[in-house]
1. If I filter the stretch 130-151 for residues that are surrounded by 16 or more Cβ atoms within 10 Å (Cβ to Cβ), aromatic (Phe, Trp, Tyr), closer than 30 Å to GLN22 by Cα and touching a residue at least 60 places away in the same chain (Cβ under 8 Å), do I get at least one hit?
2. Which of the residues that make up the stretch 180-202 are more than 12 Å from VAL245 (Cα to Cα), surrounded by 13 or more Cβ atoms within 10 Å (Cβ to Cβ) and touching a Gly at 6+ places or on another chain (Cβ under 9 Å)?
3. Please work out if GLN46 is free of Cβ contacts under 8 Å to residues at least 40 places away in the same chain and of a type outside the set (A, V, I, L, M).
4. Out of (1) surrounded by fewer than 21 Cβ atoms within 10 Å (Cβ to Cβ); (2) under 23 Å from ASN98 (Cβ atoms); (3) in contact with an Asp or Glu (Cβ under 9 Å, 6 or more places away or on another chain), the odd one out for GLY9 is which?
5. If we keep just the residues of the stretch 10-41 that are small (Gly, Ala, Ser) and modelled with pLDDT under 95, which is nearest to GLY113 (Cα to Cα)?
6. Please report, ordered by residue number, the strands (runs of 3 or more DSSP E) entirely within the stretch 1-91 with at least 3 residues that are β-branched (Val, Ile, Thr).
7. I want to confirm something. Restricting to the stretch 218-277 and keeping residues that are among the basic types (Lys, Arg), modelled with pLDDT under 50 and surrounded by fewer than 15 Cβ atoms within 10 Å (Cβ to Cβ), which single residue is nearest to GLN164 (Cα to Cα)?
8. Considering each of ASP210, ASP151 in turn, give the residue that is over 23 Å from LEU233 (Cα atoms), outside any strand (DSSP E or B) and charged (D, E, K, R).
Amino acid sequence: MSALPTLGGNNGQASAINNRGQIVGFAEDDTVDSSCPANATNNRTQLPVLWENGKAQALPTGSDPGGNALWLNDQGQAVGFTEPCGATNHAVVWENGNVSPLLDYGTGAEAFGNNNRGQIVGFVDSPDSSTLYGALWQNGTLTKLVLLPGDFGGLASGINNKGQIVGSNFDSNFGWSHAFIWQDGAMTDLNTLLPASSKLFATMANKINDRGQISGMAIVTSGPDKGNVHAFLATPVDESAGPSVADVVHERPKSNLPANVNKQLLRGLGLGLGRLVQ
């Protein structure tokens, strides 16, 4: 293990690495972010960074003072967001040393993932700032992903080179409710594809690879671990898997985690919208 350099500040975070060995994330420099309130304790400028051959290169942030690069494809195209003082402002893409904002409704967005075809996924805030929707950016257009019935909002966090998208929906209390997969314009609750024998109710889907394997988070529905949260790996099969979790679990399982854990998980994904995490 070797430490990656910052830009002169104390802290940094690496978020993703591609098959060329390029790494993206953020690092602090040693300046005060002038967009932070006077009483802010963590007020150093946080800049998006590309690490290559052990060296840190700050990525441009446009009209915003800071940002965070969250993913990159094998062509070196990186995605993430720019922000003032840690609050999400614009979803952006970095390519050939330049930054470009992605389409939104003027109320904020973040990009979480991209594939080698240049398709980008993330979330976009609604025009009235009431909730979030999963988003797909491709060929200069924005597609807002529909929600599953009963869900309040959502985000898309992963896309593979086939264009399959995974993500997570949440309820009106901002608790995770359903993992989903989106493909060919159709939104599907991932739990309708998981066999009941898995005893897992998937509430978050984070990434999907080109084999169709999906990683995420699920609640155990029965047995001695009932109510606990586990990481999961879902691998597609050709034959019928029999009754799904959705066939036998008619209500979303309740987790025994503390009430504020869902908000902490939102922070862990890099969400900077204050109304979600305060």
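The values are calculated or read from the model by the stated rules, or taken from the named source; none is laboratory data. The model shown is predicted, which means the values in this text are computed figures rather than measured ones. For neighbour counting, all protein chains shown are included, and Cβ atoms are generated from backbone atoms with ideal geometry for every residue, glycine included.
1. no
2. Answer for the stretch 180-202, where residues must be more than 12 Å from VAL245 (Cα to Cα), surrounded by 13 or more Cβ atoms within 10 Å (Cβ to Cβ) and touching a Gly at 6+ places or on another chain (Cβ under 9 Å): PHE180, ILE181, TRP182, GLN183, MET187.
3. Spelling it out, it is not the case that GLN46 is free of Cβ contacts under 8 Å to residues at least 40 places away in the same chain and of a type outside the set (A, V, I, L, M).
4. That leaves (2) as the condition not met.
5. That would be SER35.
6. 23-32
7. ARG267
8. The conditions single out ASP151.
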